[in-house]
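First the structure, in the form of structure tokens, and then the observations on it.
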Amino acid sequence: MFIKLQKRDPLVILILSFLTFGLYEIYWMSHVRNEMNSLGATIPSVWLLFIPLTNIYFLYRYAQEYSRVITKDHNFVLWFLLLLFLVPVAMVIFQINLNKLVDQ
């Protein structure tokens with residue numbers, strides 16, 4: 001099943017992330033995960049975010065597949081560190097790159 005990439009406003013993502021105390025981050029990751037998986041990524045279930053230590057594995061795989069499928073670079077360690085320490089900033093950058101794909 002192919003899920004179409006959705007264009008989202010990065011500023012709204014940032015605002016909702018702060019207003020919901022991070023709950024929107026999980027919602028956003030879930031939807032973007034589904035979109036990336038429809039493009040050929042193999043990101044595991046978002047439920048791993050709620051289990052200690054597996055949440056780090058989830059972020060690692062998320063960054064790895066984002067790097068492979070979306071940006072097509074080999075900087076997944078950089079994306080992983082950004083996701084691990086600065087989630088809102090990572091979300092904005094990720095969404096900007098996703099929006100570029102939508103515009104193509």
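The values are calculated or read from the model by the stated rules, or taken from the named source; none is laboratory data. Just so it is clear, the model here is predicted, and its values are computed rather than measured. Please note: Cβ atoms are built from the backbone with ideal geometry, for glycine as well, and neighbour counts cover all protein chains shown. Just the protein is used for accessible areas: all its heavy atoms, side chains included, with ligands, DNA and RNA removed. Shrake-Rupley method; radii C 1.70, N 1.55, O 1.52, S 1.80 Å.
Considering ILE3, ILE70, which residue is touching an Asp or Glu at 6+ places or on another chain (Cβ under 6 Å) and in contact (Cβ under 8 Å) with a residue 24 or more places away in the chain? Let's see the steps before the verdict.
Working: ILE70 fails: touching an Asp or Glu at 6+ places or on another chain (Cβ under 6 Å).
Every option except ILE3 fails the conditions.
From ILE70, ILE3, ILE56, which residue is β-branched (Val, Ile, Thr) and modelled with pLDDT of 95 or more?
When all the criteria are applied, what remains is ILE56.
For the stretch 51-74, name all the residues that are of a type outside the set (Ser, Thr, Tyr) and within 12 Å of the chain's Cα centre (by Cα).
Residues satisfying the conditions are PHE58, LEU59, ARG61, ALA63, GLN64, GLU65, VAL69, ILE70.
Would you pick out the residues in the stretch 80-104 that are polar (S, T, N, Q) and touching a residue at least 60 places away in the same chain (Cβ under 8 Å)?
GLN95, ASN99, listed by residue number.
Go through the stretch 62-88 residue by residue and tally those that are under 25 Å from PHE21 (Cβ atoms) and surrounded by 13 or more Cβ atoms within 10 Å (Cβ to Cβ).
11
Just to check your reading of the model, which residue among LEU86, LEU39, LEU53 is within 21 Å of ILE13 (Cα to Cα) and of a type in the set (A, V, I, L, M, F, W, C)? If you could, list the steps in order and put the result at the bottom.
Working: LEU39 fails: within 21 Å of ILE13 (Cα to Cα); LEU53 fails: within 21 Å of ILE13 (Cα to Cα).
None of the other options fit; the residue is LEU86.
How many residues are open to solvent by less than 40 Å² (accessible area, probe 1.4 Å) and on the phi < 0 side of the Ramachandran plot when one looks only at the stretch 1-23?
Result for the stretch 1-23: 5.
I want to confirm something. Restricting to the stretch 31-44 and keeping residues that are out of contact with any Asp or Glu (no Cβ under 9 Å at 6 or more places or on another chain), open to solvent by less than 40 Å² (accessible area, probe 1.4 Å) and assigned to a helix (DSSP H, G or I), which single residue is farthest from LYS4 (Cα to Cα)?
Among those that are out of contact with any Asp or Glu (no Cβ under 9 Å at 6 or more places or on another chain), open to solvent by less than 40 Å² (accessible area, probe 1.4 Å) and assigned to a helix (DSSP H, G or I), it is VAL32.
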